[in-house]
Amino acid sequence: MNAHGPVRLLPPIPPALRFALGGVVVAMLAYTMWALERPDAAPAEPDAPAAQVALPQLDDAALALALDGTREQRLVLEPEPLRHLLAKAIDVGPTVAQALGRPDRMTPVAEVRAAPATFRKRWLWYEGTLETLSGPQEGHPLSGYAIHEATVRLADGEAVLAAFSLPPEPDLAIGAWVRVEGFLLKLRDLTYPTAIDRAPLLVGRSLQRDFADWPPVTQLDPTLLGKVDDSSFWPGDLAWRTLEEDQTEATWHLAAFARDTADTRTLADWRRIGTLNTHEVHEKLIAGQIARGTPLRVIGTLIKKSVIAAPPNPAGIEAWTVGWVQVREYGGGVLVPVWAPKRVEWETRAQLEVRGFYYRWQAYETLQNERRRAPLFVAADLDLYDLETGRTMQTIGTWLLAAFSAFVALAFWTQRREARRALEHSRDLDARRRRERQRAAARATAASTPTSAPPPPA
């Protein structure tokens, strides 16, 4: 039996090494969570050409014929520059107008009067009350079109003149709130039917009905959404309409509702709502058992995206983003369209968890000329998929801190216990050595003492 205590097969782990091992474990856990949070790299694809917007090229020589330096010149409308701008403006829609540098606000008429040469050929816009409307008139440079003219009275009392190609809506009457856009040709003076002095003349594509701004939309109108009829899938019907073609009150209403109520639901609230990624939801959509405006999540990969400028609308929407999301669990990877009333900057291949509202069916043709249909959603944004790694890391960090603190406390207590045992063992050895020395000294003393002589015999 060993008198010096139990035999250790392995030496005790030094404190420094224990701390190092704990740090390695924490680093490995942190790297694992970072790897989970990091999005997968998109597969290598050839670079796609950026979408180009064809801008009209204006003829400076033709426009130089438009003069407005004197009243006599402003009373005359030169036909050649007018015809030139009418031909160039015929293809300018909201997206092209935005690319031309359409300002975000109406340019004050006083600024245009002060420097007409600075604003000439620029695309401007104004909204106000329709005061006069005339046409159609002959002389349009393009076959099948005619010249229409209008006078718009702004809220501040100023007047703006407009010449355009498309006939106005039949029910657009004098006194309606309208919007005019176009290239600034010159300043004009009129004497009839109303005397007008130095009014900007815009040459554009059409006269657009405008709307008074809505207040925030916080409640859905089922009656308005119920008017949407996407039951027919023949080309030209509603199901085939693109976002540009489906600028209606129902579209604006649902988009405004999604935008104005986005802050009322947290991610946790949305996580309790169903997803499109199930066969059960698909069957209900086919059967018409899911009402328009029903919230659903769409989880998938952003395959294609486009951004367009918004035409006049009462919801205050300035831009639209059309996203096509591939949902692998839905229809074998059918592309699901999502319309968002804002400009979204995500690149393709982004992983999304769209928090949208079902609107209607969308029919489309694939690159292989196959006709398909998918449910169309309207959402406030194209939300990236959130793994909530921040909260997970916080929880893991709390547990790791507690475990590490317990580990340090255990190591400190173990070391103190080992030190106490070592001290007691050392003291015990010292006591044994002292006793051994005392015994040895006693034996030596006894050996050196002479033995007394025996008594003599009697």
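Just so you know, all these numbers are worked out from the coordinates, no wet-lab data involved. Please read these numbers as outputs of a predicted model, since none were measured by experiment. Heads up, the Cβs are rebuilt from the backbone with ideal geometry, glycines too, and the neighbour counts pull from every protein chain shown.
Given labels modelled 7 Å from the Cα in the Cβ direction, how far is it in nm from ASP60 to ALA319?
Distance between the two pseudo-spin positions: 3.0 nm.
Express in nm, to one decimal, how much length is gained between ARG433 and ASP171 on full extension, taking 0.36 nm for each residue of separation and deducting their alpha carbon distance.
The ARG433-ASP171 span can extend by a further 82.5 nm.
I'd like the FRET efficiency for LEU154 and GLU365, computed as 1/(1 + (r/R0)^6) with the beta carbon distance as r and R0 of 41 Å, rounded to 0.05.
Values: r = 44 Å, r/R0 = 1.08.
Here the calculated transfer efficiency is 0.40.
Which lysines, if any, have their Cα less than 20 Å from the Cα of LYS186, not counting same-chain residues under 8 positions apart?
Leaving aside lysines fewer than 8 places away in the same chain, those within reach of LYS186 are LYS88, LYS121.
Run down the aspartates and glutamates and flag those whose C-alpha is under 16 Å from the C-alpha of LYS227, throwing out any fewer than 8 positions away in its chain.
ASP237, ASP246, GLU249
Would you work out which of GLY69, LEU166, THR151 lies farthest towards the positive end of the dipole of region 60-209, given +1 charges on the beta-carbon of Lys and Arg and -1 on that of Asp and Glu, about the Cα centre?
Among GLY69, LEU166, THR151, the one farthest towards the positive end of the dipole of region 60-209 is GLY69.
Quote the FRET efficiency, to the nearest 0.05, computed for ALA110 versus SER405 with a Förster distance R0 of 41 Å and r equal to the Cβ-Cβ distance.
Efficiency at R0 = 41 Å is approximately 0.05.
Could you list ASP428, ASP383, ASP229, ASP189 so that the one with the fewest beta carbons within 10 Å of its beta carbon is first and the one with the most is last? List each step's numbers first, then the result.
Details: ASP428 13, ASP383 21, ASP229 10, ASP189 17.
The order, fewest Cβ neighbours first, is ASP229, ASP428, ASP189, ASP383.
Given a Förster distance of 51 angstrom, what is the FRET efficiency for SER134 paired with LEU387, based on the Cβ-Cβ distance and rounded to 0.05?
Step by step, r from the Cβ atoms, then E = 0.25.
I need ARG433, ARG105, ARG349 ordered by Cβ neighbour count within 10 Å, fewest first.
Details: ARG433 10, ARG105 6, ARG349 15.
Listing ARG433, ARG105, ARG349 from fewest to most nearby Cβ atoms yields ARG105, ARG433, ARG349.
Using the basic label-point model (7 angstrom from Cα toward the beta carbon), what is the GLN326 to GLU78 distance in nanometres?
About 5.5 nm separates the two model spin labels.
Is region 60-209 rounded, prolate or oblate when judged by the Cα gyration tensor, a ≥ b ≥ c being the square roots of its eigenvalues, rounded requiring a/c under 1.5 and prolate requiring a/b larger than b/c?
In terms of gyration-tensor shape, rounded.
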